[in-house]
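**Q** Before I ask anything, here is the structure I am working with.
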Amino acid sequence: MNMKTKRVDLLIIGGGPAGLAAACAAREAGVTNLLILEREDALGGILRQCIHNGFGLHTFQEELTGPEYAARYIARVQELGIPYECGAMVISLSPERRAVYVSRTEGIVAVEAGAVILAMGCRERPRGALGTPGWRCAGIFTAGTAQKLVNLEGRMPGKRVVILGSGDIGLIMARRMTFSGAKVLACVEIMPYSSGLKRNIVQCLDDYGIPLLFNHTVVDIHGRERLTGVTIAEVDGKKRPIPGTEQEIACDTLLLSVGLIPENELSAMAGVALSPATGGPVVDETLATNVPGIFSCGNVLHVHDLVDFVSAEAARAGEMAARFLSGEKTAGERIPLIAGNGVSALVPEVLSKRPEADVTFMFRPRAVYRNARIAVFRGGKQLAVKRARILAPGEMAEITVKQDAFCESEGELTVSVEEVGA
Amino acid sequence: MKRELTCIGCPMGCRLTAEFNGTEVTEVTGNGCAVGARYAREELTNPKRMVTALVRVVGMERPLSVKTEAPIEKRLVFDCLAALGAVAVAPPVRIGDVILENVLGTGVNVVATEDIGG
Ligand SMILES: Cc1cc2nc3c(=O)[nH]c(=O)nc-3n(C[C@H](O)[C@H](O)[C@H](O)COP(=O)(O)OP(=O)(O)OC[C@H]3O[C@@H](n4cnc5c(N)ncnc54)[C@H](O)[C@@H]3O)c2cc1C
Ligand code: SF4
């Protein structure tokens, strides 16, 4: 097939906060021939629909809404004259860094890139992944889909709402639906704790008297064409519904807020090794994947709570890609890290033998730990340690190891958490 | 009177118990640090919230996102939403444009948080 072909030094897939920050940083590091591809009609990613405030405290020292935060980076992209294409969906990527995208205005286009930054973000777990029975009727949405309907399209999904899962998107939508005139009857959480921020529980549920039911789940769904109600029940320690605890709630809408998964079909196509722990690419401390010249950042790498950290991580990916393009040798051998006690979704997951700078490890605590100690060990030697008053799965934790500590040690590296008492 | 609340100052989420006589908080317990005591005082005597909302755009299906420039009294949140429900703006609109001045006499303006049109 005779396809139009473009040649760029750096291709950035995804125009959300990660792609935008990566592009700016790469441009500032001297990369001039670059291109951002975004499948939606506008830049900004998921932030376009996050109209609530709470973004940017770290980056701009002020509290912005999602669209405002995105607008600052979009303005920067435009100032720097960085080329981008919206309505351009990347449909394939090869290990040789050849991408193909489909665009309404250009048709099918191939891009040969010197380096690629994967910044595709994540998507919500669909209801099929839930094992909830009988859900062919209308009225069941992921919380993010409902957010898009209400905030971007001005349509209301329904009037009487139950929310399954207490992730932040669900909490934010409980308030938004209430503001838009709906009645939110309950937020049902199967775990004994919420993965959402305390602030969101207080300001999105408690403020409006919306009950948050822990150790509860939806066990049945009623209605033929349109949802008419759900049955909820308490669960035991093994997450099995306890007979006799069922209650029926009449509602016309069920929102699912049960977690996010990085969107990595393209990464897999390009031969990028994916981590079962994060769902994202396995990267080293330079955000490089196992495929030379392919980097990854933002929610496609691991699900972040704060967009500020996405921007910071993405800027680093931009710099690293620029260094790769300027011909700097990439790290040779890489050593795997071990996610020790209490640590899951560790990023980076591998390390070059001789890191060239301090390395910050990010992870999700497996449970709630009070008076915790986070430590990095290598061959019995402690490289870094940090105390934390509280760690919870809902908030990403981090620890930094100084560069010289790596030089003075050998062997396996482990990051772990333990409770040490007051 | 005893009042229970959850501190949002950090992920500890301390359960606070405050002694509140209707005008003043005289005692706070359960707080892990000073932030909790301050939070309980403010939350009970003068609770405020930022309001982010949507307003209609003339000639368009999609709404415009807006926010209060500063937090307003919590008890006014729904009145503020109702006031915004009566607003329809004509594009083009730029980030920061005032959509509703001095909402409910609070001295706080409601401004656009995105660009629409032109
Ligand atoms: C409901 C919700 C509430 C949040 N609340 C807060 C908050 O209060 N404070 C805060 O700091 N953070 C918050 N966050 C987190 C923050 O929004 C995210 O961390 C951030 O948007 C992630 O940026 P990203 O660029 O990695 O992903 P995204 O924003 O998802 O951007 C990825 C982009 O890639 C595009 N894309 C994907 N695949 C392709 C393809 N094949 N071809 C072309 N383009 C593609 C997508 O269309 C999308 O635009 C919230 C997130 C959500 C969902
Ligand atoms: S009182 Fe202090 S420790 Fe407790 S939640 Fe508030 S800020 Fe955190």
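**Q** Report, as an integer, the average count of C-beta atoms from other chains found within 10 Å of each Cβ along B:58-67.
**A** Counting other chains' Cβ atoms within 10 Å and averaging over B:58-67 gives 4.
**Q** Let me ask you something else. Can you give the relative contact order of chain A as a percent, counting alpha carbon pairs under 8 Å and 6+ residues apart?
**A** Value for chain A: 15 percent.
**Q** Averaged over its residues, how many other protein chain Cβ atoms are within 10 Å of peptide A:46-53's Cβ atoms?
**A** 4
**Q** Considering the Cα trace of the range A:148-305, what is its radius of gyration and what is Dmax, both in angstroms?
**A** For the range A:148-305, the Cα radius of gyration and maximum Cα-Cα distance read 18.8, 57 Å.
**Q** Could I ask something else about it? For the range A:240-328, which GluC sites (Glu not before Pro) are both in a DSSP coil and crowded by at most 16 other Cβ atoms within 10 Å?
**A** A:E246, A:E328
**Q** With a cap of 13 neighbouring Cβ atoms within 10 Å, and only residues DSSP puts in a loop, list the trypsin sites (Lys or Arg not before Pro) found in the range A:196-297.
**A** Hits after loop and neighbour filter: A:R224, A:K238, A:K239.
**Q** Compute the acute angle (0 to 90°) between the alpha-carbon long axis of helix A:17-28 and the principal axis of greatest extent of the alpha-carbon atoms of chain A; round to the nearest 10°.
**A** Roughly 20 degrees between the two axes.
**Q** Just counting partner chain Cβ atoms within 10 Å, what average do the residues of peptide B:5-15 show around their Cβ?
**A** 5
**Q** Within a 10 angstrom radius of the beta carbon, how do A:E124, A:E85 rank from fewest other beta carbons to most?
**A** Going from least to most buried by this count: A:E85, A:E124.
**Q** With axes computed from alpha carbons, what is the tilt in degrees of helix A:307-325 against the longest principal axis of chain A, rounded to the nearest 10 within 0 to 90?
**A** 20
**Q** To the nearest Å, what is the center-to-center distance of the range B:32-74 and the range A:61-90, using C-alpha atoms only?
**A** Cα centroid to Cα centroid, the span is 25 Å.
**Q** Mind ranking A:287-298, A:3-14 by how tightly packed they are, going by the mean number of other C-beta atoms within 10 angstrom, highest first?
**A** Most protected by this proxy first, the peptides run A:287-298, A:3-14.
**Q** About the Cα centre of the range A:254-343, what is the dipole size in debye to 20, counting +1 per Lys and Arg Cβ and -1 per Asp and Glu Cβ, all else neutral?
**A** Dipole magnitude for the range A:254-343 comes out near 180 debye.
**Q** At 222 nm, what value in deg cm²/dmol follows for chain A if DSSP H runs of at least 4 each add -39500 (n - 2.57) and the sum is divided by all its residues, to the nearest 500?
**A** -6000 deg cm²/dmol
**Q** Among A:D41, A:D168, which comes first, second and so on when ranked by fewest other beta-carbon atoms within 10 Å?
**A** The order, fewest Cβ neighbours first, is A:D41, A:D168.
**Q** I've got another one for you. Of chain B, which part is the longest with no GluC sites (Glu not before Pro) in a loop (DSSP not H, G, I, E, B) and with at most 16 other C-beta atoms within 10 angstrom?
**A** B:25-60
**Q** Find the all-direction average of the projected area of the Cα convex hull for the protein assembly as shown, expressing the result in square nanometres with one decimal place.
**A** Here the figure is 27.9 nm², rounded to one decimal.
**Q** Can you tell me the dipole magnitude for the protein assembly as shown around its Cα centre, using point charges on the Cβ only (Lys, Arg +1; Asp, Glu -1), in Debye to the nearest 20?
**A** That gives a dipole near 700 debye.
**Q** In sequence order, what are the phi-derived ³J(HN,Hα) couplings for the range B:22-27 according to the Karplus relation 6.51 cos²θ - 1.76 cosθ + 1.60 with θ = phi - 60°, rounded to whole Hz, with x for glycine and proline?
**A** Result, rounded to whole Hz: x, 10, 9, 9, 9, 7.
**Q** Among A:R48, B:R94, A:R354, B:R49, which comes first, then next, by fewest other beta-carbon atoms within 10 Å?
**A** A:R354, B:R94, B:R49, A:R48
**Q** Pairing the Cα long axis of helix A:143-153 with the longest principal axis of chain A, what angle in degrees results, from 0 to 90 and rounded to the nearest 10?
**A** 80
**Q** Here is a follow-up. Treating only the Cβ of Lys, Arg, Asp and Glu as charged (+1, +1, -1, -1), what charge dipole size does the range A:22-137 show about its Cα centre? Round to the nearest 20 debye.
**A** 500
**Q** Just to be sure I follow: if Rg is taken over the C-alpha atoms of the range B:55-109 and Rh is the Kirkwood radius over the same atoms, what is Rg/Rh?
**A** Here Rg/Rh amounts to 0.96.
**Q** Now for a separate question. Please work out the Cα center distance from the range A:272-288 to the range A:225-259, rounded to the nearest Å.
**A** When both Cα centres are located, 35 Å separates them.
**Q** Additional query: Counting pairs on different chains as well as pairs 8 or more places apart, how many Lys pairs in chain A have Cα atoms under 27 Å apart?
**A** Final tally of qualifying lysine pairs is 17.
**Q** Take every DSSP beta bridge with both residues inside the protein assembly as shown and express the antiparallel ones as a percent of the total, to the nearest 5.
**A** 65
**Q** Something else: Tell me which trypsin sites (Lys or Arg not before Pro) from the range A:289-354 have a DSSP coil assignment and no more than 15 other beta carbons within 10 Å of their own.
**A** In loop regions of the range A:289-354 (DSSP not H, G, I, E or B), the sparsely surrounded trypsin sites (Lys or Arg not before Pro) are A:K329, A:K353.
All of the numbers you see were taken from the coordinates with simple rules; none came from a lab. Just so it is clear, the model here is predicted, and its values are computed rather than measured. We place every Cβ from the backbone using ideal geometry, glycine too, and count neighbours over all the protein chains shown.
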